[in-house]
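These notes are about the structure you will find just below.
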Amino acid sequence: MYKEALTVLTGVIETDDQEVEAWYLEGWCLMLMAEDAKVQNKEVEGLSWRELAKDARDCLETCVNLFDNRNHPDTEMLKHAKELMQQLTDMGITPSRVDAEGDGDDWEDVEDSEEDDDVEMDD
């Protein structure tokens, strides 16, 4: 049941990644999957309960951010998303962190060199 729901929700998010309800429902679905995996002490689709819970947290964080940015009218959904996030915090699942640079990428800056590799073009 969860797998089918995630398939639909993933399709919605791929079509419109600003869809607040889809992020909310995906986060809630992943959280339910995480709870089941923890109780049954098994992986789901190769993911541990902790990995599923982390993904749920990320989806719910996105939901809340979009909710705030788009002035979404469904305050009950926002309230429930925050309750789910608190439950995840209580389970030891914290928000994903971005590296110190703030972008999460492992890019290295190329230092300026004194050589000029630019090619001059004739008019």
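General observations
- Calculated FRET efficiency, Lys79 to Asn41, Cβ-Cβ distance, R0 = 35 Å: about 0.65 to the nearest 0.05.
- Classification of the range 16-105 by its C-alpha gyration tensor yields an oblate form. The axis ratio a/c (a ≥ b ≥ c) is 1.5 or more, and b/c is at least a/b.
- Estimated at 0.36 nm per residue, the fully extended path between Gln18 and Ala5 surpasses their Cα-Cα distance by 2.9 nm.
- Working note: Karplus 6.51/-1.76/1.60 with θ = phi - 60° gives the range 39-50 the couplings 4, 8, 6, 9, 8, 10, 6, x, 10, 6, 4, 5 Hz, where Gly and Pro are set to x.
- Charge tally in the Cβ shell below 10 Å around Tyr2, where Lys, Arg are +1 and Asp, Glu are -1, Tyr2 excluded: -2
- Local electrostatic count, Leu30, Cβ distance below 13 Å [Lys/Arg +1, Asp/Glu -1]: -3
Every number here is computed from the coordinates shown, using simple stated rules; none is lab data. Because the structure is a prediction, the values reported are computed rather than measured. All Cβ positions, glycine included, derive from the backbone under ideal geometry; neighbour counts span all protein chains shown.
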